[in-house]
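Visitor: There's a structure below that I have some questions on.
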Amino acid sequence: GATGGSQVRTIVLQLRGEAGDIQVKDPQIGLVHNIGGVGIYGNVTILGKE
């Protein structure tokens, strides 16, 4: 849903070095965990940069 999409966007910004005030120093990977439907389903997204 929208929450998971927003979390993935935040990770992409971090990996690109474009996260502004919340930027993490030199990120290499990012992980998003999202549960939806009152715990009916879960999703894990792992992103990295080359």
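Visitor: Given the rule -39500 (n - 2.57) for each run of at least 4 DSSP H residues, summed and divided by the residues of the chain, what is its mean residue ellipticity at 222 nm, to the nearest 500 deg cm²/dmol?
Guide: -10000 deg cm²/dmol
Visitor: Which order, highest average first, do 18-24, 30-36 follow once you tally other Cβ atoms within 10 Å for each residue and take the mean per peptide?
Guide: With the highest mean Cβ count within 10 Å placed first, the list reads 30-36, 18-24.
Visitor: Mind pulling the angle between the C-alpha long axis of helix 2-16 and the longest principal axis of the chain? Nearest 10 degrees, somewhere in 0 to 90.
Guide: Taking the Cα atoms of the chain, the angle to 2-16 is about 20 degrees.
Visitor: Here's another thing I want to ask about it. For the chain, what is the relative contact order in percent, using Cα pairs closer than 8 Å and at least 6 residues apart in sequence?
Guide: Normalised by residue count, the contact order of the chain is 34 percent.
We did not get these values from a lab; they are worked out from the coordinates using the rules stated. Because the structure is predicted, anything quoted here is derived from the model rather than measured. So basically every Cβ, Gly included, is an ideal-geometry build from the backbone, and we count neighbours across all protein chains shown.
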